[in-house]
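A short worksheet on the structure shown next.
The values are calculated or read from the model by the stated rules, or taken from the named source; none is laboratory data. This structure is a prediction, so every number in the text was calculated from the model and none was measured. Heads up, the Cβs are rebuilt from the backbone with ideal geometry, glycines too, and the neighbour counts pull from every protein chain shown. We work out accessible area using only protein heavy atoms, side chains counted, and drop any ligands, DNA or RNA first. Shrake-Rupley method; radii C 1.70, N 1.55, O 1.52, S 1.80 Å.
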Amino acid sequence: MNYELKLRLLCVALLMFALVPAMRAEDFSAKEVVLEHIKDSHEWHVTGEGETAVVIPLPVIVNSSTGWHVFSSSEFEHHADASGLRQGPYNLAIATEGDNAGKIVENGQPVLDLSITKTVAVMFINVIILLCCILLSARWYKNRKASDNAPGGFVGFVEMLVMYVVDEIIKPGVGKGYEKYTPYLLTCFFFIFTCNVMGLIPFPPGSGNVTGNIAVTFFLALCTFLIVQFSGNKHYWKDIFWPEVPTWLKAPIPIIPVIEFVGIFTKPFALMIRLFANMMAGHAIAVAITCIIFLVASQAVAVQLSMSALSVIMSIFMMCLECLVCFIQAMVFTMLSAVFIGLARVEPEHE
């Protein structure tokens with residue numbers, strides 16, 4: 001058994017360990033378990049349930065009617081009261097149901113929340129890991145000449161990824177002058193790839209659903225949107241507001257210009273939804289398959305053994321598939337961003 005397979009088996013085992021306490025509950029809800037593992041929260045749940053739960057408290061930073069407050073999320077009650085609120089200090093509470101579920105409220109109304117949530121904490125960790133990997137690789141090139149032998153090991157792997165993204169994705173997509181956009185596109189690729197891979201690890205410092213959070217994918221898509229619009233030349237804007245089509249399609253009713261203008265916003269929207277939906281679905285399916293073990297816990301021994309074995313096999317398959325998806329989704333986002341930038345800078349063909 002190679003080390004890669006051992007690591008995947010360990011990840012599946014740890015994911016099962018994190019879900020074991022739920023099996024003791026009389027009414028096991030796979031839906032609640034799946035949602036708990038993919039949604040954001042003000043605390044980092046590791047394992048356990050109720051008083052035996054192992055939870056990492058996170059900083060809470062809010063602005064309420066009494067001013068700014070900074071405290072630990074451990075100051076909130078572990079259980080909700082009759083109104084569905086986990087009471088905390090300064091007349092604040094975390095809603096567990098309704099439209100404000102998961103949010104910090106004051107007298108039932110949301111407050112300005114700048115807290116370090118689980119997604120934010122994991123994102124900071126991923127950025128630190130990414131910086132260490134890139135700076136470690138960059139340090140190797142210091143005081144070395146271009147004629148020296150190529151690096152090996154981890155540095156060689158990073159160089160291979162960088163050259164692949166530049167030569168096969170950025171250069172063909174953007175075209176002439178691609179060097180100007182290479183830093184941004186490389187940042188997108190490695191950030192998304194790192195977040196995706198770390199999300200496969202079911203325990204701290206991983207387990208964060210960063211790219212499965214629509215706020216993160218929205219920001220990434222917004223950055224691409226702004227770069228595309230500011231990079232657009234006069235031919236790009238001409239093709240939007242006065243394209244080369246029959247006049248009756250442009251005036252007096254601007255059918256094609258309206259369609260082209262709407263396309264400006266649908267492209268980054270597709271970027272946002274594509275990454276968000278694929279990564280969130282992958283996390284949800286992986287956890288849902290593991291829940292099969294606990295859903296059949298009350299059945300006969302033969303059923304338990306057969307379904308548990310099936311669940312483990314399917315979980316390993318999903319982990320292997322997710323490893324591939326991590327790379328593909330980072331590559332697709334970078335490729336589409338490069339293509340959109342290239343289309344905004346394309347020159348007209350001369351006959």
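Some notes on this structure:
- Total residues in region 56-107, condition free of Cβ contacts under 8 Å to residues at least 60 places away in the same chain, open to solvent by less than 40 Å² (accessible area, probe 1.4 Å), in contact with a helix residue (DSSP H, G or I) (Cβ under 7 Å, 6 or more places away or on another chain) and not β-branched (V, I, T): 2
- V162 vs. criteria open to solvent by less than 60 Å² (accessible area, probe 1.4 Å) and without any contact (Cβ under 8 Å) to a residue 40 or more places away in the chain: yes
Listed here are the residues, each with its yes/no results for (1) modelled with pLDDT under 90; (2) exposed (fewer than 13 other Cβ atoms within 10 Å of the Cβ).
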position: K142; (1), (2): yes, yes
position: A150; (1), (2): yes, yes
position: K180; (1), (2): no, yes
position: T187; (1), (2): no, no
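- If only residues of region 136-161 that are among the small types (G, A, S) and not in a helix (DSSP H, G or I) are counted, the one that is farthest from L186 (Cα to Cα) is S147.
- Test: residue in region 111-122 that is outside any helix (DSSP H, G or I), among the acidic types (D, E), over 30 Å from M318 (Cβ atoms) and open to solvent by less than 60 Å² (accessible area, probe 1.4 Å): yes
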